[in-house]
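**Q** I'd like to ask you about the structure that follows.
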Amino acid sequence: MFSTDRIYLRKVTKDDTDIYHKWRSNPNVMENTSPNLDVYSLEETENFILSITSSENSKSYIIQHIERDEPIGIVSLIHIDPKNRNAECIIDIGNEDYMGKGYGKEAMSLLLEFSFLELNLHKVYLRVFSFNDRAIKLYERLGFEKEGEQKEQLFRNGSWHGIIMMAVFQSEYLK
(Lines give C-alpha, C1' and ligand atoms only; values in the text may rest on other atoms or scores of the structure.)
Protein backbone atom coordinates (compact mmCIF):
# COMPACT_ATOMS: atom_id res chain seq x y z
CA MET A 1 0.00 0.00 0.00
CA PHE A 2 1.04 3.63 -0.12
CA SER A 3 3.30 5.14 2.53
CA THR A 4 5.26 8.21 3.58
CA ASP A 5 8.24 8.43 5.91
CA ARG A 6 5.89 8.48 8.91
CA ILE A 7 2.78 6.48 8.01
CA TYR A 8 1.41 3.79 5.77
CA LEU A 9 -2.12 2.76 4.92
CA ARG A 10 -3.23 -0.83 5.43
CA LYS A 11 -6.61 -2.41 4.84
CA VAL A 12 -9.04 -2.43 7.74
CA THR A 13 -9.64 -5.92 9.14
CA LYS A 14 -11.91 -7.33 11.83
CA ASP A 15 -8.85 -7.23 14.12
CA ASP A 16 -9.21 -3.43 14.10
CA THR A 17 -12.62 -3.56 15.77
CA ASP A 18 -11.39 -2.79 19.30
CA ILE A 19 -9.27 0.21 18.35
CA TYR A 20 -11.95 1.60 16.05
CA HIS A 21 -14.55 1.12 18.78
CA LYS A 22 -12.30 3.13 21.14
CA TRP A 23 -12.06 5.97 18.59
CA ARG A 24 -15.75 5.80 17.70
CA SER A 25 -16.67 6.04 21.40
CA ASN A 26 -14.52 9.12 22.01
CA PRO A 27 -16.55 12.35 21.62
CA ASN A 28 -13.34 14.38 21.17
CA VAL A 29 -12.56 12.30 18.08
CA MET A 30 -16.05 12.21 16.61
CA GLU A 31 -17.26 15.77 17.31
CA ASN A 32 -15.66 17.15 14.14
CA THR A 33 -16.60 14.30 11.81
CA SER A 34 -19.77 12.51 12.93
CA PRO A 35 -23.21 14.13 12.56
CA ASN A 36 -24.49 12.18 15.55
CA LEU A 37 -22.56 11.58 18.71
CA ASP A 38 -24.24 8.28 19.52
CA VAL A 39 -22.65 5.77 21.82
CA TYR A 40 -22.17 2.50 19.95
CA SER A 41 -21.99 -0.97 21.41
CA LEU A 42 -19.04 -3.18 20.56
CA GLU A 43 -21.42 -5.37 18.55
CA GLU A 44 -22.54 -2.36 16.48
CA THR A 45 -18.90 -1.51 15.79
CA GLU A 46 -18.19 -5.13 14.82
CA ASN A 47 -21.10 -5.00 12.37
CA PHE A 48 -19.85 -1.69 10.98
CA ILE A 49 -16.33 -3.06 10.44
CA LEU A 50 -17.82 -6.13 8.75
CA SER A 51 -19.88 -3.91 6.44
CA ILE A 52 -16.94 -1.75 5.34
CA THR A 53 -14.57 -4.68 4.85
CA SER A 54 -17.06 -6.63 2.74
CA SER A 55 -18.45 -3.80 0.60
CA GLU A 56 -17.45 -3.51 -3.05
CA ASN A 57 -18.28 0.20 -2.95
CA SER A 58 -15.81 1.21 -0.26
CA LYS A 59 -12.12 0.91 0.56
CA SER A 60 -11.06 1.59 4.13
CA TYR A 61 -7.55 1.82 5.49
CA ILE A 62 -6.01 2.12 8.91
CA ILE A 63 -3.43 4.90 9.16
CA GLN A 64 -0.49 3.13 10.75
CA HIS A 65 2.42 5.00 12.35
CA ILE A 66 5.63 3.46 10.97
CA GLU A 67 8.07 4.16 13.80
CA ARG A 68 5.72 3.26 16.65
CA ASP A 69 3.85 0.59 14.67
CA GLU A 70 0.50 1.70 16.04
CA PRO A 71 -2.80 2.63 14.39
CA ILE A 72 -3.59 6.33 14.58
CA GLY A 73 -6.70 6.73 12.42
CA ILE A 74 -8.79 5.60 9.52
CA VAL A 75 -9.25 6.91 5.98
CA SER A 76 -11.81 5.63 3.50
CA LEU A 77 -13.32 5.93 0.09
CA ILE A 78 -17.06 5.26 0.28
CA HIS A 79 -19.87 5.29 -2.26
CA ILE A 80 -17.36 4.39 -4.97
CA ASP A 81 -19.13 4.80 -8.32
CA PRO A 82 -16.98 3.08 -10.96
CA LYS A 83 -19.26 4.07 -13.84
CA ASN A 84 -19.06 7.79 -13.07
CA ARG A 85 -15.57 7.48 -11.56
CA ASN A 86 -16.18 9.27 -8.28
CA ALA A 87 -16.16 8.52 -4.56
CA GLU A 88 -16.61 10.21 -1.21
CA CYS A 89 -13.68 10.26 1.20
CA ILE A 90 -13.66 10.37 4.98
CA ILE A 91 -10.91 10.55 7.57
CA ASP A 92 -10.68 10.31 11.35
CA ILE A 93 -7.48 10.64 13.34
CA GLY A 94 -8.55 8.49 16.27
CA ASN A 95 -5.48 8.78 18.48
CA GLU A 96 -5.62 12.27 19.97
CA ASP A 97 -1.82 12.34 20.40
CA TYR A 98 -1.50 12.57 16.60
CA MET A 99 -4.10 15.27 15.90
CA GLY A 100 -2.88 18.52 14.36
CA LYS A 101 0.57 17.14 13.50
CA GLY A 102 0.22 16.61 9.74
CA TYR A 103 -0.73 12.93 9.78
CA GLY A 104 -4.18 13.64 8.37
CA LYS A 105 -2.67 15.55 5.45
CA GLU A 106 -0.27 12.70 4.72
CA ALA A 107 -3.06 10.11 4.87
CA MET A 108 -5.36 12.16 2.63
CA SER A 109 -2.51 12.70 0.16
CA LEU A 110 -1.95 8.94 0.00
CA LEU A 111 -5.68 8.32 -0.45
CA LEU A 112 -5.88 10.88 -3.28
CA GLU A 113 -2.84 9.36 -4.96
CA PHE A 114 -4.51 5.95 -4.80
CA SER A 115 -7.84 7.38 -5.97
CA PHE A 116 -6.51 9.17 -9.02
CA LEU A 117 -3.52 7.04 -10.05
CA GLU A 118 -4.69 3.52 -9.17
CA LEU A 119 -8.48 3.70 -9.32
CA ASN A 120 -8.48 6.36 -12.06
CA LEU A 121 -11.29 8.28 -10.39
CA HIS A 122 -12.42 11.54 -11.96
CA LYS A 123 -13.60 13.16 -8.73
CA VAL A 124 -13.20 12.70 -4.98
CA TYR A 125 -15.58 14.60 -2.74
CA LEU A 126 -16.21 15.04 0.97
CA ARG A 127 -18.42 16.72 3.50
CA VAL A 128 -17.01 18.85 6.32
CA PHE A 129 -18.72 20.73 9.13
CA SER A 130 -18.59 24.51 8.65
CA PHE A 131 -17.08 25.00 12.13
CA ASN A 132 -14.12 22.71 11.36
CA ASP A 133 -11.80 25.43 10.07
CA ARG A 134 -8.65 23.34 10.49
CA ALA A 135 -10.04 20.56 8.26
CA ILE A 136 -11.36 23.02 5.66
CA LYS A 137 -7.90 24.62 5.37
CA LEU A 138 -6.30 21.18 5.07
CA TYR A 139 -8.67 20.14 2.29
CA GLU A 140 -8.05 23.39 0.43
CA ARG A 141 -4.27 22.81 0.63
CA LEU A 142 -4.91 19.37 -0.91
CA GLY A 143 -6.77 20.96 -3.83
CA PHE A 144 -10.39 20.57 -2.71
CA GLU A 145 -12.77 23.38 -3.62
CA LYS A 146 -16.13 24.21 -2.13
CA GLU A 147 -19.07 23.00 -4.24
CA GLY A 148 -21.92 23.95 -1.95
CA GLU A 149 -23.29 24.02 1.56
CA GLN A 150 -26.22 22.58 3.41
CA LYS A 151 -26.94 25.47 5.73
CA GLU A 152 -27.96 24.87 9.35
CA GLN A 153 -27.85 21.11 8.83
CA LEU A 154 -26.23 20.22 12.15
CA PHE A 155 -27.02 21.30 15.72
CA ARG A 156 -23.87 21.08 17.81
CA ASN A 157 -22.83 22.82 21.04
CA GLY A 158 -25.98 24.95 21.15
CA SER A 159 -25.76 26.34 17.59
CA TRP A 160 -26.70 25.46 14.03
CA HIS A 161 -23.89 24.72 11.59
CA GLY A 162 -23.63 23.98 7.90
CA ILE A 163 -22.16 21.01 6.11
CA ILE A 164 -19.84 22.08 3.30
CA MET A 165 -19.40 19.90 0.23
CA MET A 166 -15.92 19.99 -1.29
CA ALA A 167 -14.32 18.15 -4.21
CA VAL A 168 -11.07 17.70 -6.06
CA PHE A 169 -10.82 16.51 -9.66
CA GLN A 170 -8.24 14.19 -11.18
CA SER A 171 -7.22 16.78 -13.77
CA GLU A 172 -6.46 19.36 -11.06
CA TYR A 173 -4.69 16.82 -8.89
CA LEU A 174 -2.39 15.73 -11.72
CA LYS A 175 -1.26 19.31 -12.50
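The values are calculated or read from the model by the stated rules, or taken from the named source; none is laboratory data. The shown structure was predicted, so the numbers you read here are calculated from the model rather than taken from an experiment. Here the Cβ positions follow ideal geometry from the backbone for every residue, glycine too, while neighbour counts run over all protein chains shown.
**Q** Residues of the range 8-43 being surrounded by fewer than 17 Cβ atoms within 10 Å (Cβ to Cβ) and β-branched (V, I, T), which ones?
**A** T13, T33, V39
**Q** Ok, one more. Have a look at I62, I93, I72, I66 and point out the one that is among the β-branched types (V, I, T) and touching a His at 6+ places or on another chain (Cβ under 9 Å).
**A** I72
**Q** So which residues in the range 91-111 are aliphatic (A, V, I, L, M) and within 11 Å of the chain's Cα centre (by Cα)?
**A** Taking the range 91-111 and keeping what is aliphatic (A, V, I, L, M), we get 91, 93, 99, 107-108, 110-111.
Listed by number, the residues that qualify are I91, I93, A107, M108, L111.
**Q** To continue, here is another question. Kindly indicate whether E46 is loosely packed, with under 15 Cβ neighbours inside 10 Å and at negative phi. Talk me through it step by step, then tell me what you get.
**A** On the way: loosely packed, with under 15 Cβ neighbours inside 10 Å: no; at negative phi: yes.
In short, no.
**Q** Name the pairs: first residue in the range 78-89 and of a type in the set (S, T, N, Q), second residue modelled with pLDDT of 95 or more and assigned to a loop (DSSP other than H, G, I, E, B), Cβ to Cβ under 8 Å, at least 6 apart or on different chains?
**A** Partner pairs satisfying both residue conditions: N84/H122; N86/L121; N86/H122.
**Q** Under the condition of being modelled with pLDDT under 95 and assigned to a loop (DSSP other than H, G, I, E, B), which residue from the range 141-170 is surrounded by the fewest Cβ atoms within 10 Å (Cβ to Cβ)?
**A** Result: G158.
**Q** Those residues that are in a loop (DSSP other than H, G, I, E, B) and touching a helix residue (DSSP H, G or I) at 6+ places or on another chain (Cβ under 9 Å), I need them from the range 103-140; list them, please.
**A** Of everything in the range 103-140, those that are in a loop (DSSP other than H, G, I, E, B) and touching a helix residue (DSSP H, G or I) at 6+ places or on another chain (Cβ under 9 Å) turn out to be N120, L121, H122, S130.
**Q** Still on this structure: Within the range 35-54, track down each residue that is touching a residue at least 12 places away in the same chain (Cβ under 8 Å) and part of a loop (DSSP other than H, G, I, E, B).
**A** Residues satisfying the conditions are P35, V39, Y40.
**Q** Among the residues of the range 115-139 satisfying the criterion of being out of contact with any strand residue (DSSP E or B) (no Cβ under 8 Å at 6 or more places or on another chain) and touching a residue at least 12 places away in the same chain (Cβ under 8 Å), which is farthest from S159 (Cα to Cα)? Explain how you work it out, then say what you get.
**A** Looking only at the range 115-139, we keep the residues that are out of contact with any strand residue (DSSP E or B) (no Cβ under 8 Å at 6 or more places or on another chain), and these are 117-118, 120, 132-134, 137-138.
Restricting the remaining residues to those that are touching a residue at least 12 places away in the same chain (Cβ under 8 Å) gives 120, 132, 134, 138.
Numbers: N120: 40, N132: 14, R134: 19, L138: 24 Å.
Once the filter is applied, the top-ranked residue is N120.
**Q** I would also like to ask the following. List the number of the failed condition for G100; all other conditions in (1) without any contact (Cβ under 8 Å) to a residue 60 or more places away in the chain; (2) closer than 28 Å to S159 by Cα; (3) not in a loop (DSSP other than H, G, I, E, B) hold.
**A** (3)
**Q** Which of the numbered conditions does Y173 fail, given that it passes all the others? Conditions: (1) under 16 Å from E88 (Cα atoms); (2) surrounded by fewer than 17 Cβ atoms within 10 Å (Cβ to Cβ).
**A** Status for Y173: all satisfied but (2).
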